[in-house]
1. How large is Rg/Rh for region 94-184, to two decimals, with Cα atoms and a Kirkwood Rh?
2. Return the equivalent ellipsoid semi-axes of region 1-124 as a descending list in whole Å, where each equals the square root of 5 times an eigenvalue of the C-alpha gyration tensor.
3. Where the convex hull is taken over the Cα atoms of region 9-81, what is its projected area averaged over directions, in nm²?
4. Relative to the first principal axis of the alpha-carbon coordinates of the chain, what is the inclination of helix 20-30, with its axis defined by its Cα atoms, in degrees from 0 to 90 and to the nearest 10?
5. What are the semi-axes of the equivalent ellipsoid of the chain, taken as the square roots of 5 times the eigenvalues of the Cα gyration tensor, listed largest first and rounded to whole Å?
6. Using Cα positions and a limit of under 19 Å, work out the aspartates and glutamates in reach of residue 242, with same-chain residues fewer than 8 apart set aside.
7. Please report the orientation-averaged projected area of region 263-333, defined via the convex hull of its C-alpha atoms, in nm².
8. Would you mind checking 176/335; 290/335; 118/176; 176/336; 23/264 for any pair whose Cα atoms are more than 18 angstrom apart?
Amino acid sequence: MSVRRLADDNVQPQSFAFNEANKAWAAQTINKYPAGRQQSAVIPLLMRAQEQDGWVTRAAIETIADMLEMPYIRVLEVATFYTQFQIKPVGTRAHVQVCGTTPCMLRGSEDLIAVCKKKIHHDPLHTNESGTLSWEEVECQGACVNAPMVVIFKDTYEDLTPTQLEYIIDRFEAGKGGDVTPGPQIDRVYSAPAGAPVTLTTDTPAPKFAARAEVPAAAAPAATPAPAAPVAEAPAAKAEAKPSLDDPNRPAAVEKPATLDDLKMISGVGPVMEAKLHDLGIYTFAQIAKWTEKEIAWVDGYLAFRGRILRDDWIKQADALARGGEEEYVRVFGKKPR
């Protein structure tokens, strides 16, 4: 591992403090650990500091050390050991982490690195002239089936070509990274094979196999084994049907208003998902904020989006945006909406 050192003093801020929302979150996180074990919160607190300021500063390290009653050197050791922590300033709009491990390298990651060198900076961990973009090469990020890939903040962008990465970088540079849907950038569902299914595409029953006849004991006379009973045929698997549009649990639709809420501000909603919600008559944050458990289940089933609404907490996000827009979202979540 290469030596990782903090940024030079001339770029280090003089102080650090969690904002009010993150301060409350940090107190709750520390309280999860038994007395005398609060130092276990060091990694989540460092990560939250990075999410707030974009990178981990010397002042943040010292502040967190004081909060956890740890020597400064101990927190510094953690921050410099784990490469998930950026200890120098990175791009304010996007820091592109290009996977360079073998599967991605064999599928073209070197071409993606060339794009980063051309569009951002020749050297890794250096920002472009405006300070909005930066990049680095990293080790495996866990989507080898969908190589090559990059990570930007918490999202992965997979099955990339150089042209696609150029487009993604341009959208983030324009402050419109939310326009790009994370995940595979080809016709692939998660890590399923690309293209149409090639196996189990018909209802042809599986072949039947007779049970093996028992071998008689050595002293017993040979006997003709009885015919084996046929093996019961398993019913063919059927794809789960979508819930009906007439289902009473479908969320109420409204007429398209003159001004639409930007549903893409909700983490987990991209342009494709926003269009599907519009097709269902969902145009505002207030509508989503009022969904019941049964309505959430209906949307999950209809959009084949199992679990993501609850996992990304769409309801809480939508409620904050409906009540006070971006300002209220920042107050609740301690960061701007995507």
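1. 0.92
2. 31, 16, 14
3. 4.7
4. 60
5. The equivalent ellipsoid of the chain has semi-axes of 46, 30, 24 Å.
6. Correct list for residue 242: 274, 279, 293, 295, 300.
7. 4.2
8. Checking Cα-Cα distances, 290/335; 118/176; 23/264 exceed 18 Å.
None of the figures in this text is laboratory data; all of them are computed from the coordinates on show. Quick caveat, the model's predicted, so the values are computed rather than measured. As a convention, Cβ positions derive from the backbone with ideal geometry for all residues, glycine included, and neighbour counts pool all protein chains shown.
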